[in-house]
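Report on one structure; see the data block that follows.
The values are calculated or read from the model by the stated rules, or taken from the named source; none is laboratory data. Here the structure is a predicted model, which means the values were calculated and not measured. Virtual Cβ from ideal backbone geometry, glycine too; neighbours counted across all protein chains shown.
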Amino acid sequence: MIDIEKFPETWCRMWSEDATFAHELLTDDARQWATRTAPRDSVLGPAQTEGFISRYQVDVGNIFVPRALVVGTDWWPTPGT
């Protein structure tokens, strides 16, 4: 399995450019559910996911990028300082 810190970036790279990352990111019994992409509901494990994503890259071709989630406000300047 991949380092959790690298998971978001690698997940996006898997969908955008290299479907083989599925073997680093998913367990043998991993499933994904999507309301818009019904065929993905039946995909099980990294090998099937790699195949699904490879077809998706050709058919759809979206580029995915990770987004940062900031939790807490310690870094935010105090008003008036």
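Between a residue in the range 50-66 that is closer than 21 Å to residue 28 by Cβ and any residue that is in a loop (DSSP other than H, G, I, E, B), which pairs come within a Cβ distance under 6 Å, given they are 6 or more apart or on different chains?
52/43
Tell me, please, whether a residue that is modelled with pLDDT under 80 and either assigned to a loop (DSSP other than H, G, I, E, B) or in contact with a His (Cβ under 7 Å, 6 or more places away or on another chain) (or both) can be found in the range 40-59.
no
Just checking, does the range 29-39 include any residue being hydroxyl-bearing (Ser, Thr, Tyr), at pLDDT 90 or above and loosely packed, with under 13 Cβ neighbours inside 10 Å?
No, the range 29-39 contains no residue that is hydroxyl-bearing (Ser, Thr, Tyr), at pLDDT 90 or above and loosely packed, with under 13 Cβ neighbours inside 10 Å.
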